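Chemist: Please find one structure pasted underneath; my questions will follow.
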Amino acid sequence: MKKVFALFLLVVVFASNSMSYAQCAMCRASVENNVSNGDTSIGAGLNSGILYLFVMPYLLAAVIGILWYRAAKKKKGKVAFR
């Protein structure tokens, strides 16, 4: 079951990766067009969005790690008192 889930996860990651490449050219063209017209607010908003997307996986990994650490610590504490 774990192998099937891992295979499914890999397929989803690689399938969604090809769709995301198409958006890069569109965002770049939009920002270049607006900056050439003197509007820099869209570029700043795009940078904020990129930072948001960059931080989320690390934040999620940190939360999972903290919860895992607490569960392991609690489990170890219960075993030591028996």
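The values are calculated or read from the model by the stated rules, or taken from the named source; none is laboratory data. Since the model is a prediction, treat every value here as computed from it, not as a measurement. Here the Cβ is made from the backbone with ideal geometry for all residues, glycine too, and neighbour counts use every protein chain on show. SASA here: full protein model, heavy atoms, side chains in, ligands and nucleic acids out. Shrake-Rupley method; radii C 1.70, N 1.55, O 1.52, S 1.80 Å.
Chemist: Do we have any residue at all in the stretch 45-63 that's closer than 20 Å to Val13 by Cα, at pLDDT 85 or above, among the β-branched types (Val, Ile, Thr) and under 26 Å from the mean Cα position of the chain (by Cα)?
Modeler: yes
Chemist: Sticking with this structure for a sec: Which numbered condition trips up Ser16, out of (1) under 22 Å from the mean Cα position of the chain (by Cα); (2) modelled with pLDDT of 75 or more?
Modeler: Ser16 satisfies all of (1) under 22 Å from the mean Cα position of the chain (by Cα); (2) modelled with pLDDT of 75 or more except (2).
Chemist: Then there is this: Which of (1) modelled with pLDDT under 80; (2) open to solvent by 100 Å² or more (accessible area, probe 1.4 Å) is the odd one out, the single condition Gly77 does not satisfy?
Modeler: (2)
Chemist: Only one of Ala61, Ala25 is in a helix (DSSP H, G or I), surrounded by 10 or more Cβ atoms within 10 Å (Cβ to Cβ) and aliphatic (A, V, I, L, M). Can you tell me which?
Modeler: Values: Ala25 fails: surrounded by 10 or more Cβ atoms within 10 Å (Cβ to Cβ).
The unique qualifying residue is Ala61.
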